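Please read the structure below before turning to the comments.
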Amino acid sequence: MAAAKHDVFQAIADPTRRKVMQLLADEEMPISEICSHFTISRTAITKHLKILTEAELVSGKKTGREKIYSLHPEPLTELKEWLAYYERFWNNKLSMLKHLVEESEENE
């Protein structure tokens, strides 16, 4: 049975997972090094890495006795596109507000 794929939005919802992604954005690293940046257990970090892996945001490859993780930001494109829609929405609202304020100032 295949593992359930996690939603990118759910995967990045957790601050620990976002920090893991930030760490991996700079360089690949083994789980031991990732764990050194957190006060939670290695088991908890492993669970976070599993969710990120299932969302295809990170991958791990066995190198000797260690597993080296790397970031794959491509799935974040979906998030970027979703946010772009709302950015247009807010830019439109801000433009309308600016227009109303300027119009109000002219009528004073």
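The values are calculated or read from the model by the stated rules, or taken from the named source; none is laboratory data. Since we're looking at a predicted model, the values are computed, not measured. Note that we place each Cβ from the backbone using ideal geometry, even for glycine, and neighbour counts take in every protein chain shown.
Structure notes:
- Filter result (within 15 Å of LEU76 (Cβ to Cβ), surrounded by fewer than 13 Cβ atoms within 10 Å (Cβ to Cβ) and of a type in the set (A, V, I, L, M)) within region 13-65: ALA13, ALA25
- Sole exception among (1) part of a strand (DSSP E or B); (2) of a type outside the set (Val, Ile, Thr); (3) modelled with pLDDT of 95 or more for LEU52, by number: (1)
- THR43 vs. criteria of a type in the set (Val, Ile, Thr), at pLDDT 95 or above, out of contact with any His (no Cβ under 6 Å at 6 or more places or on another chain) and assigned to a loop (DSSP other than H, G, I, E, B): no
- Checking the stated criteria, ILE68 turns out to be touching a strand residue (DSSP E or B) at 6+ places or on another chain (Cβ under 8 Å) and surrounded by 14 or more Cβ atoms within 10 Å (Cβ to Cβ).
- Meets criteria (outside the structural domain of LEU52 (by TED's automatic domain parsing), exposed (fewer than 10 other Cβ atoms within 10 Å of the Cβ) and not in a helix (DSSP H, G or I)) for GLU81: no
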